[in-house]
Amino acid sequence: MTDTGMEALTEPYYEALRRGELAAQHCKACDRPILYPRHVCPFCYESDLGWVQLSGKGVLHSFAVQRVGPPSGFEDDLPYAVGVVKLDEGVQLLGRLWPDDDGEWNGYTCDGRVEFHGATGDEIERRPVAWFRRTG
Ligand SMILES: [Zn+2]
């Protein structure tokens, strides 16, 4: 298998997650954030891209609570919730949702406000994904 450069491309994103931060690429030419990582800007096709830290605040576009029938390897995670978050910066991503104190997600609503609240330690190493919690 040859190295396509994909790992180098995405590594700053995962490094930020391990620091408890949410990062996106930023196009220096047209000043727009880019997520997920690309080799060239999808808006202006320039390749001079840097990285910026995102606010992590946004709106929950859609979500689903998985209680049965998880993908292979996710059996131990049940139940869990996955949602599409549209960040205020204009990019969107798939993330995990922290349950409320009762272990459920009944307080979450589509178009409700959420913010990034990263997992830490062993959990982020085991499952490097962006976690969000509701703020409304
Ligand atoms: Zn651009």
Exactly one of Val40, Val68, Val85 is surrounded by 13 or more Cβ atoms within 10 Å (Cβ to Cβ), modelled with pLDDT of 95 or more and in the same structural domain as Thr109 (by TED's automatic domain parsing), and that residue is Val85
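Taking strands (runs of 3 or more DSSP E) that do not extend beyond the stretch 35-136, which have at least 1 residues that are within 16 Å of the ligand (Cβ to nearest atom)?
The strands (runs of 3 or more DSSP E) meeting that bar are 49-53.
Results for (1) under 24 Å from Leu9 (Cα atoms); (2) free of Cβ contacts under 8 Å to residues at least 12 places away in the same chain; (3) among the acidic types (Asp, Glu), shown as yes or no for each residue.
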residue	(1), (2), (3)
Glu21	yes, no, yes
Gln25	yes, no, no
Glu75	no, yes, yes
Gly118	yes, no, no
Arg127	yes, no, no
Trp131	yes, no, no
Is it the case that the stretch 123-134 has a residue that's acidic (Asp, Glu), over 30 Å from Phe43 (Cα atoms) and out of contact with any Cys (no Cβ under 7 Å at 6 or more places or on another chain)?
yes
Of the listed residues (Gly95, Gly56), the one being at positive phi and either loosely packed, with under 14 Cβ neighbours inside 10 Å or not aromatic (Phe, Trp, Tyr) (or both) is Gly56
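Of all residues being of a type in the set (Gly, Ala, Ser) and under 21 Å from Thr120 (Cβ atoms) in the stretch 1-34, which is farthest from the ligand (Cβ to nearest atom)? Just the residue, please.
Of all residues in the stretch 1-34, those of a type in the set (Gly, Ala, Ser) come to 5, 8, 16, 20, 23-24, 29.
From what's left, under 21 Å from Thr120 (Cβ atoms): 16, 20, 23-24.
Values: Ala16: 20, Gly20: 28, Ala23: 17, Ala24: 13 Å.
My answer is Gly20.
The values are calculated or read from the model by the stated rules, or taken from the named source; none is laboratory data. Small disclaimer: the values here were computed from a predicted structure and weren't measured. So basically every Cβ, Gly included, is an ideal-geometry build from the backbone, and we count neighbours across all protein chains shown.
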